[in-house]
């Protein structure tokens with residue numbers, strides 16, 4: 001039996017939500033780079049991900065990883081219609097903030113800040129949490145993400161109405177639903193299979 | 001093209017939401033591919049189909065979503081799982097239900113946001129019916145559903161001790177995480193459909 005839990009090397013644990021780049025340390029053994037076959041490389045989608053311990057752990061089931069990654073990319077990167085990229089990232093960041101995934105929140109807060117240029121608002125969401133006042137449109141997107149993330153799910157007609165009232169069309173509302181829902185997938189993997197570490201600090 | 005999300009959300013081909021879902025065709029296709037690879041796996045060596053469906057029934061039950069409970073309940077019965085599992089899963093759901101997300105943060109400024117809550121342990125009778133392997137998976141699943149930020153290495157050790165391989169743990173983690181997504185997409189689309197503009 002070679003299966004075992006890994007003990008993380010010495011590292012600095014982030015204790016606040018941040019837009020800083022973080023590392024991620026796996027608690028289970030990723031596949032070794034030299035053991036990756038063509039099937040695994042297809043699962044990684046981007047060859048550069050062979051360097052990432054997170055993706056080399058998930059690639060133990062390459063078919064699920066490939067499908068997960070292609071779902072992710074289309075929800076966030078597809079430029080056709082719907083919600084602007086900045087606000088898809090806002091939904092991802094708000095979901096991650098509410099679930100408590102410091103790693104995912106760091107990545108998607110960076111994207112939300114970059115695409116929206118609203119750095120102070122994004123930082124306030126990270127510092128104060130999902131109840132903070134941003135503006136009517138962002139508040140509605142954050143509230144919808146929180147309602148979708150709660151278990152039991154509390155998303156309902158009032159959230160749909162609130163999103164329409166601030167100008168979201170049907171395709172944009174579906175983007176909010178997809179983005180927040182997807183981060184309920186991503187957060188659970190990041191939180192439960194390893195831990196974040198301040199980049200380059202040991 | 002109809003898929004599991006359409007089935008669960010009641011989206012008809014040619015309807016407005018069908019057209020909107022097609023604007024994210026890759027996401028739509030690969031959400032279905034995720035479902036297919038989790039529930040029609042190439043290999044059952046690390047997690048059997050019956051185990052996967054039992055966990056799915058538990059996840060659906062914890063979310064209290066009848067459409068998903070019915071769908072995965074039917075699939076479990078058709079997969080030839082022991083008849084006693086159905087009652088054991090229902091009993092586990094009844095004793096495990098809660099409100100999430102809760103859990104702890106690393107000690108520091110975020111500690112004021114800690115929201116303590118229960119760690120689920122399966123009762124002895126359900127443990128006997130489901131076996132120690134599925135029992136460990138259910139206990140882990142409860143944490144992933146309600147308090148994922150409490151995750152820590154000892155919980156993975158408990159899965160290994162119960163006989164799960166590293167790959168098996170990746171599979172069941174993906175399964176619970178994927179269902180956390182699928183159930184929410186369905187809930188969101190149903191709410192939108194029920195509220196025409």
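Taken together, the values in this text are just the output of simple stated rules run on the coordinates, not laboratory data. Just so it is clear, the structure is predicted and the values come from calculations on it, not from any experiment. Virtual Cβ from ideal backbone geometry, glycine too; neighbours counted across all protein chains shown.
A few remarks follow.
- As a summary of the residue check, residue B:184 satisfies the conditions (1) crowded, with 22+ Cβ neighbours inside 10 Å; (2) more than 14 Å from the chain's Cα centre (by Cα); (3) closer than 25 Å to residue A:62 by Cα except for the one numbered (2).
- Search result, residues across segment B:33-43 that are more than 8 Å from chain A (Cβ to nearest Cβ) and closer than 17 Å to residue A:181 by Cα: B:35
- Of all residues making up segment A:100-139, the number that are within 22 Å of residue A:174 (Cα to Cα) and within 14 Å of chain B (Cβ to nearest Cβ): 3
- Residue A:9 vs. criteria at the interface with another protein chain (Cβ under 9 Å from one of its Cβ atoms) and either surrounded by 15 or more Cβ atoms within 10 Å (Cβ to Cβ) or touching a residue at least 40 places away in the same chain (Cβ under 8 Å) (or both): no
- Residue match in segment B:132-151 (condition: within 8 Å of chain A (Cβ to nearest Cβ), surrounded by fewer than 22 Cβ atoms within 10 Å (Cβ to Cβ) and out of contact with any helix residue (DSSP H, G or I) (no Cβ under 7 Å at 6 or more places or on another chain)): no
- Condition met for residue A:146 (surrounded by 19 or more Cβ atoms within 10 Å (Cβ to Cβ), more than 7 Å from chain B (Cβ to nearest Cβ), within 21 Å of the chain's Cα centre (by Cα) and within 27 Å of residue B:93 (Cβ to Cβ)): yes
- Options B:90, B:94, B:162; residue that is more than 10 Å from chain A (Cβ to nearest Cβ), touching a helix residue (DSSP H, G or I) at 6+ places or on another chain (Cβ under 8 Å) and closer than 14 Å to residue B:58 by Cβ: B:90
- Search result, residues across segment A:155-200 that are more than 7 Å from chain B (Cβ to nearest Cβ) and under 28 Å from residue A:12 (Cα atoms): A:183, A:186, A:190, A:194, A:195, A:196, A:197, A:198, A:199, A:200
- Annotation: residue B:103 fulfils all but one of (1) out of contact with any strand residue (DSSP E or B) (no Cβ under 9 Å at 6 or more places or on another chain); (2) buried (at least 16 other Cβ atoms within 10 Å of the Cβ); (3) closer than 18 Å to residue A:99 by Cβ; the unmet one is (1).
- Segment B:187-197 - residue that is assigned to a helix (DSSP H, G or I) and without any contact (Cβ under 8 Å) to a residue 60 or more places away in the chain and, of those, surrounded by the most Cβ atoms within 10 Å (Cβ to Cβ): B:188
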